[in-house]
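Q: Can you keep this structure in mind? I'll have questions shortly.
The values are calculated or read from the model by the stated rules, or taken from the named source; none is laboratory data. On a predicted model such as this, the values are computed, not experimentally measured, just so you know. Glycine gets a Cβ as well: all are built from the backbone with ideal geometry, and neighbour counts include every protein chain shown. Just the protein is used for accessible areas: all its heavy atoms, side chains included, with ligands, DNA and RNA removed. Shrake-Rupley method; radii C 1.70, N 1.55, O 1.52, S 1.80 Å.
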Amino acid sequence: MSLFAIGFLLVILQRSTGQFPRACANTQSLLRKECCPPWDGDGSPCGELSSRGSCQNILLSQAPLGPQFPFSGVDDREDWPSVFYNRTCKCEGNFMGFNCGECKFGFSGLNCTERQLRTRRNIFQLTTSEKEKFLAYLNLAKNTPSRDYVIATGTYTQMNNGSNPMFRNINVYDVFVWMHYYASRDTLLGGSNVWRDIDFAHEAPGFLPWHRVFLLMWEREIQKITGDENFTIPYWDWRDAEDCVVCTDEYMGGRHPTNPNLLSPASFFSSWQVICTHSEEYNSQQALCNATSEGPILRNPGNNDKSRTPRLPSSAEVEFCLSLTQYESGSMDKMANYSFRNTLEGFADPRTAISNISQSGLHNALHIYMNGSMSQVQGSANDPIFVLHHAFVDSIFEQWLRRHRPMLEVYPAANAPIGHNRENYMVPFIPLYRNGEFFKPSRELGYDYEYLQEPALDSFQEFLIPYLEQARQIWAWLVGAAVIGGIVTAVLTGLVLACQKKRRGTSSEIQPLLTESEDYNNISYQSHF
């Protein structure tokens, strides 16, 4: 009980990030289309008096989109977040947050100048006390109301263009369940019409950066409500697993003794209620998920459709995926061939990298294998195995980044499905994050994976990292300059040698003999070039 009491106290004192900050979920902010809350430290919008940030117009990407979404002006998520707000806090330096009251990922300290690096560990490498603490933190998040974050229960039109705000309170864990739902929900077209071929977090280039931000934000919220600044999400390495080894009461909940679709009553996860799982009901009502409880977590691992997902992914399949050199290709959606992203996401065969949407590989395979709440995209984050799974998927993404060292330009700047271009802001995050900002190594974002850790760097090497990274980004120019410089040097050297040879051919009798220092200093050299 003491842990819960401490957590409840901390949530009262701490501020959180999210899609709709409570300070902006009101008529005035919506009508002004401005979300620039004051920072508690000085009371000014965005902490401007302390030079933390300022309220700025949002600059939206004008890059063309792919053909997958043939509409315009029908979905609140288009050109996020401009339907709701066109002015938000632009933070300076290493400050971050919807009011610039936090530090960027990877930084800490009063002025956000201290670099930090935390390590995500295999859940089976945690000690008993560490594992129990992780489970307690999950339960605390499920039972702690989010102080500064609310969810939208209606579209902007249903809110009468902002004059009738429709928002609701929610607990910290379900904030993230709802955000995952909101990013992947169908577009409501009116009547009973919907458009299903849209997803701001899946089936396109942003899949990996989006979930990377999602996990970082989730991790930070746990750190804040518990006061445990060193908390990191553990991962489940499911390669070559025979079954769901985390599906026990000791970890994420075992199987119910009489109903195989439910969790064991010995696990407190069996008392959790899910939200946002009735997508067809929301569509028929042209409504958004309002976070009403919809029953217990469902999970029946291994009793899935074997023709679609015969087993959990293998090490060989992961290694093949990592060997792919193209991050994205072709249509940049679930039909993309030879795409690392599409193969890891699971729409392409993990042995050939050819798109095959009748099968579910790698990331998708795990979701299908769980055969329950995890298997429906919009509500999949209800099952806490979701965070273990996506932490490991992120680690595979991290391996690929380290192996292939792509430049930012590798991430598509244009013609990706809606919301997935490099400069698009990710739905539904406020503060705003662009897809391309998270297409970089995890160490630059303040975390690493235990099984990927490299030897510790000394302080001098750490100092050099940003400069080496800049050099890597322009290596092609550097090589070109070196080649041209070598050619010029060779030409000059040849000319100098030729001149020297010509001079040596002159009679020694008429060569000047310089013995006095003053004569040497007064010599005037003329160029022969």
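Q: In the set 126, 140, 117, 135, which member is within 22 Å of the chain's Cα centre (by Cα) and not polar (S, T, N, Q)? Spell out the reasoning first.
A: On the way: 126 fails: within 22 Å of the chain's Cα centre (by Cα); 140 fails: within 22 Å of the chain's Cα centre (by Cα); 135 fails: within 22 Å of the chain's Cα centre (by Cα).
Of the residues listed, the single one that is within 22 Å of the chain's Cα centre (by Cα) and not polar (S, T, N, Q) is 117.
Q: I've got another one for you. For region 173-190, check the following and say yes or no: at least one residue is polar (S, T, N, Q) and open to solvent by 20 Å² or more (accessible area, probe 1.4 Å).
A: Filtering region 173-190 down to residues polar (S, T, N, Q) leaves 184, 187.
Checking the rest, the ones that are also open to solvent by 20 Å² or more (accessible area, probe 1.4 Å) come to none.
No, there is no match, as no residue in region 173-190 is polar (S, T, N, Q) and open to solvent by 20 Å² or more (accessible area, probe 1.4 Å).
Q: Of the conditions (1) assigned to a loop (DSSP other than H, G, I, E, B); (2) over 18 Å from residue 33 (Cα atoms), residue 164 fails just one. Which one is it?
A: With respect to (1) assigned to a loop (DSSP other than H, G, I, E, B); (2) over 18 Å from residue 33 (Cα atoms), residue 164 is out only on (2).
Q: Sticking with this structure for a sec: Taking residue 370 as meeting all but one of (1) out of contact with any Lys or Arg (no Cβ under 6 Å at 6 or more places or on another chain); (2) open to solvent by less than 20 Å² (accessible area, probe 1.4 Å), write down the number of the exception.
A: Condition (1) is where residue 370 drops out.
Q: Looking at residue 348, is it in contact with a strand residue (DSSP E or B) (Cβ under 7 Å, 6 or more places away or on another chain), surrounded by 24 or more Cβ atoms within 10 Å (Cβ to Cβ) and among the small types (Gly, Ala, Ser)?
A: On the way: in contact with a strand residue (DSSP E or B) (Cβ under 7 Å, 6 or more places away or on another chain): yes; surrounded by 24 or more Cβ atoms within 10 Å (Cβ to Cβ): yes; among the small types (Gly, Ala, Ser): yes.
It is true that residue 348 is in contact with a strand residue (DSSP E or B) (Cβ under 7 Å, 6 or more places away or on another chain), surrounded by 24 or more Cβ atoms within 10 Å (Cβ to Cβ) and among the small types (Gly, Ala, Ser).
Q: If you don't mind, there's one more thing I want to ask. Show the residue pairs that are 6+ apart or on different chains and have beta-carbon atoms under 7 Å apart, the first residue being within region 311-329 and in contact (Cβ under 8 Å) with a residue 24 or more places away in the chain and within 11 Å of residue 353 (Cβ to Cβ), the second being part of a helix (DSSP H, G or I) and open to solvent by 10 Å² or more (accessible area, probe 1.4 Å).
A: 325/404
Q: What is the residue count in region 266-324 for residues that are more than 30 Å from residue 159 (Cα to Cα) and open to solvent by less than 70 Å² (accessible area, probe 1.4 Å)?
A: If we filter region 266-324 for residues that are more than 30 Å from residue 159 (Cα to Cα), which is where we start, we get 266-272, 296-324.
With the extra rule that they be open to solvent by less than 70 Å² (accessible area, probe 1.4 Å), the set shrinks to 267, 269-270, 272, 296-297, 299-302, 304, 309, 312-315, 317-318, 320-324.
Within region 266-324, residues that are more than 30 Å from residue 159 (Cα to Cα) and open to solvent by less than 70 Å² (accessible area, probe 1.4 Å) number 23.
Q: Here is a follow-up. Give the residues of region 132-161 that are of a type outside the set (Ser, Thr, Tyr) and in a loop (DSSP other than H, G, I, E, B), sorted by residue number.
A: 143, 147, 148, 154, 158, 159, 160, 161
Q: Being closer than 23 Å to residue 268 by Cα and in contact with a helix residue (DSSP H, G or I) (Cβ under 8 Å, 6 or more places away or on another chain): is that true of residue 215 here? Talk me through it step by step, then tell me what you get.
A: Values: closer than 23 Å to residue 268 by Cα: yes; in contact with a helix residue (DSSP H, G or I) (Cβ under 8 Å, 6 or more places away or on another chain): yes.
The answer is yes for residue 215.
Q: How many residues are touching a residue at least 12 places away in the same chain (Cβ under 8 Å), at negative phi and either among the hydroxyl-bearing types (Ser, Thr, Tyr) or in a loop (DSSP other than H, G, I, E, B) (or both) when one looks only at region 330-352? Spell out how you get there, then give the answer.
A: In the first step, residues of region 330-352 are kept if they are touching a residue at least 12 places away in the same chain (Cβ under 8 Å); the result is 331-351.
From what's left, at negative phi: 331, 333-337, 339-345, 347-351.
Pick out the ones that are also either among the hydroxyl-bearing types (Ser, Thr, Tyr) or in a loop (DSSP other than H, G, I, E, B) (or both) and you get 331, 333-337, 339, 343, 347, 349-351.
Result for region 330-352: 12.
Q: Do the conditions hold for residue 240, that is, is it closer than 22 Å to residue 391 by Cα and either hydroxyl-bearing (Ser, Thr, Tyr) or open to solvent by 20 Å² or more (accessible area, probe 1.4 Å) (or both)? Break it down into steps so the answer makes sense when it comes.
A: Working: closer than 22 Å to residue 391 by Cα: yes; either hydroxyl-bearing (Ser, Thr, Tyr) or open to solvent by 20 Å² or more (accessible area, probe 1.4 Å) (or both): yes.
Taking the combined requirement at face value, the residue satisfies it.
Q: Answer yes if at least one residue in region 438-448 is more than 24 Å from residue 180 (Cα to Cα), at pLDDT 95 or above and either aromatic (Phe, Trp, Tyr) or surrounded by 18 or more Cβ atoms within 10 Å (Cβ to Cβ) (or both), and no otherwise. Talk me through it step by step, then tell me what you get.
A: Residues of region 438-448 more than 24 Å from residue 180 (Cα to Cα): 443-444.
Next, from what is left, pick out any that are at pLDDT 95 or above: 443-444.
This time we only want the ones that are either aromatic (Phe, Trp, Tyr) or surrounded by 18 or more Cβ atoms within 10 Å (Cβ to Cβ) (or both), so: 443.
Scanning region 438-448 turns up at least one residue that is more than 24 Å from residue 180 (Cα to Cα), at pLDDT 95 or above and either aromatic (Phe, Trp, Tyr) or surrounded by 18 or more Cβ atoms within 10 Å (Cβ to Cβ) (or both).
Q: Say we look at region 55-85 and pick out the residues that are among the hydroxyl-bearing types (Ser, Thr, Tyr) and out of contact with any Lys or Arg (no Cβ under 6 Å at 6 or more places or on another chain); which of these is farthest from residue 193 (Cα to Cα)?
A: Within region 55-85, the first condition is being among the hydroxyl-bearing types (Ser, Thr, Tyr), and the residues that meet it are 61, 72, 82, 85.
Add one more test, that the residue is out of contact with any Lys or Arg (no Cβ under 6 Å at 6 or more places or on another chain), and what stays is 61, 72, 82.
Working: 61: 28, 72: 15, 82: 24 Å.
By that ranking, first place goes to 61.
Q: Can you tell me which residues in region 173-198 are charged (D, E, K, R) and assigned to a loop (DSSP other than H, G, I, E, B)?
A: Kept after step one, since they are charged (D, E, K, R), are these residues of region 173-198: 174, 185-186, 196-197.
Hits for region 173-198 are 185, 186, 196, 197.
Q: Shifting gears a bit: Report yes if some residue within region 37-52 is open to solvent by less than 30 Å² (accessible area, probe 1.4 Å) and closer than 30 Å to residue 238 by Cβ; otherwise report no.
A: Going residue by residue through region 37-52, those that are open to solvent by less than 30 Å² (accessible area, probe 1.4 Å) are 37, 44, 46-47, 52.
Checking which are closer than 30 Å to residue 238 by Cβ leaves us with none.
Within region 37-52 (the criterion being open to solvent by less than 30 Å² (accessible area, probe 1.4 Å) and closer than 30 Å to residue 238 by Cβ), the answer is no, since none of the residues qualifies.
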